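The values are calculated or read from the model by the stated rules, or taken from the named source; none is laboratory data. Remember, predicted model here, so these are calculated numbers, not experimental data. Cβ coordinates were reconstructed from backbone atoms using ideal geometry, including for glycine residues, and neighbour counts include every protein chain displayed. Accessible surface areas use protein heavy atoms only, side chains included; no ligands, DNA or RNA. Shrake-Rupley method; radii C 1.70, N 1.55, O 1.52, S 1.80 Å.
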Amino acid sequence: MMKKTIFAAGALCVMLIAPLSALADAPLGLPPVPVPENNPITKEKVELGSKLFNDKRFSTTGEVSCATCHDAAKGFTDGPLSVSEGINGLTGTRNAPTVINAAYMKTQFWDGREPDLEGQSKGPFVNPVEMGLENHDPILEIVRSDKEYGQMFKKAFGISQKKITMEHVSKAIASFERTIIAGDSPFDRYVYGGDKTAMSEAAIRGLRVFRFEGRCESCHTTSETFALFSDSKFHNLNVNFDKISGSLHSVTETFKSNKEGGLDLDVTVLTDAEASELGRFVVSTQPADIGAFKTPTLRNIELTAPYMHDGSIKTLEEVVDFYNNGGRVDPDGPVNDFQSSGIRPLNLTDQQKADLVEFLKALTSSKKTLQNLAEMMK
């Protein structure tokens with residue numbers, strides 16, 4: 001059995017020069033990074049993955065890379081865009097989730113259609129509204145002919161340049177993404193580090209609201225030793241569900257028929273506005289999953305506006321109001337029959353709402369951690 005090796009954000013300064021055995025443990029507030037046994041992390045893979053992640057030649061226009069929609073300067077998202085822009089300014093239907101701590105997620109994408117980072121990394125290259133390639137062949141042509149890539153793949157995988165496959169490409173990108181880890185926030189120092197001065201009084205009050213009156217912890221989970229702030233499950237929050245509620249039967253039946261006919265799921269969810277709103281249903285086709293989207297992490301959420309799967313809520317204050325209204329922007333707006341049972345009016349006071357926002361801001365990692373992550377992209 002292969003030994004699992006873990007990289008940590010706190011060790012980024014030594015990541016590229018230290019032997020693997022010398023790397024530090026996971027940062028404060030996070031558990032060890034889960035690493036698949038068939039893709040152990042090495043510094044050679046990480047260096048290669050970083051280059052691949054930033055290579056714009058893998059798009060039809062030569063202007064879009066993975067880093068375009070996952071910009072380190074924007075918390076590895078592309079805010080303030082509501083939905084991502086790909087080649088030729090084309091837009092999809094989904095807000096770009098952060099890559100930070102994506103390694104901890106049990107599935108990838110808002111609907112969980114890929115089980116791991118390896119699978120996720122292949123999709124955007126061949127999506128018509130992202131990087132636009134018809135297939136992966138142009139990527140292989142580049143990496144099999146570029147001298148620097150040849151040397152890097154040889155070091156990372158021990159293979160000759162002509163034998164490079166997309167499996168090698170995806171494993172390298174996934175290895176790099178598993179090093180984009182950030183803990184060490186004021187919350188972590190307060191709860192796990194024992195520093196009772198790490199959070200402001202307002203944030204401390206907000207932590208109580210988060211755990212009790214706001215019931216946020218039901219989905220954005222924490223534990224006694226670490227906090228991922230996500231249960232990796234799928235919930236219907238009622239975010240813009242009215243887009244399909246009036247024609248739900250026809251939308252679901254049409255989708256199921258098209259899926260049986262072999263539709264490309266990656267393409268469909270980013271180009272079919274109605275199918276996109278079906279959420280996890282596009283994967284499971286189970287009625288209970290209609291309109292349900294994956295719980296995102298709350299770590300560094302201050303840096304990743306706008307919010308929700310479609311980027312329709314612009315500020316943390318508006319997010320708190322949405323939940324306080326029971327899953328509605330307008331407190332008198334409609335809800336839907338598929339809305340998760342835990343989403344109901346909270347009746348928070350203005351002070352409690354303000355404190356909760358301050359707590360959410362206290363989930364931002366230290367400047368040193370974020371600077372280290374940014375350095376990895378250079």
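Give Ile139, Ile100 a once-over and let me know the one that is open to solvent by less than 20 Å² (accessible area, probe 1.4 Å) and under 20 Å from Ile159 (Cβ atoms). Before you say what the answer is, go through the steps one by one.
On the way: Ile100 fails: under 20 Å from Ile159 (Cβ atoms).
The unique qualifying residue is Ile139.
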If you check Phe153, Phe187, Phe176, Phe210, which single one turns out to be touching a Cys at 6+ places or on another chain (Cβ under 9 Å) and in a helix (DSSP H, G or I)? Phe210
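Looking at segment 369-378, is at least one residue among the basic types (Lys, Arg), farther than 23 Å from Pro115 by Cα and either more than 18 Å from the chain's Cα centre (by Cα) or open to solvent by less than 40 Å² (accessible area, probe 1.4 Å) (or both)? Reasoning before the result, please.
To start, the set of residues in segment 369-378 that are among the basic types (Lys, Arg) comprises 378.
Subsequent filtering for residues that are farther than 23 Å from Pro115 by Cα retains 378.
From the residues that got through so far, the ones that are either more than 18 Å from the chain's Cα centre (by Cα) or open to solvent by less than 40 Å² (accessible area, probe 1.4 Å) (or both) too are 378.
Checked against the condition, which is being among the basic types (Lys, Arg), farther than 23 Å from Pro115 by Cα and either more than 18 Å from the chain's Cα centre (by Cα) or open to solvent by less than 40 Å² (accessible area, probe 1.4 Å) (or both), segment 369-378 yields at least one hit.
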Being in a helix (DSSP H, G or I), open to solvent by 40 Å² or more (accessible area, probe 1.4 Å) and in contact with a Ser or Thr (Cβ under 9 Å, 6 or more places away or on another chain) is the filter here, so list the residues in segment 253-277 that pass it. Lys256, Asn258, Lys259, Thr271, Ala273, Glu274
Looking only at residues in segment 213-249 that are assigned to a loop (DSSP other than H, G, I, E, B) and among the charged types (D, E, K, R), which one is surrounded by the fewest Cβ atoms within 10 Å (Cβ to Cβ)? Glu224
Close pairs from segment 341-355: first surrounded by fewer than 16 Cβ atoms within 10 Å (Cβ to Cβ), partner in a loop (DSSP other than H, G, I, E, B), Cβ under 6 Å, at least 6 apart: Arg344/Gly326; Pro345/Gly326
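Yes/no per residue for (1) at pLDDT below 95; (2) surrounded by 18 or more Cβ atoms within 10 Å (Cβ to Cβ); (3) part of a loop (DSSP other than H, G, I, E, B):
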| site | (1), (2), (3) |
| --- | --- |
| Asp25 | yes, no, yes |
| Ile41 | no, yes, yes |
| Thr61 | no, no, yes |
| Pro80 | no, no, yes |
| Thr93 | no, yes, yes |
| Ala96 | no, yes, yes |
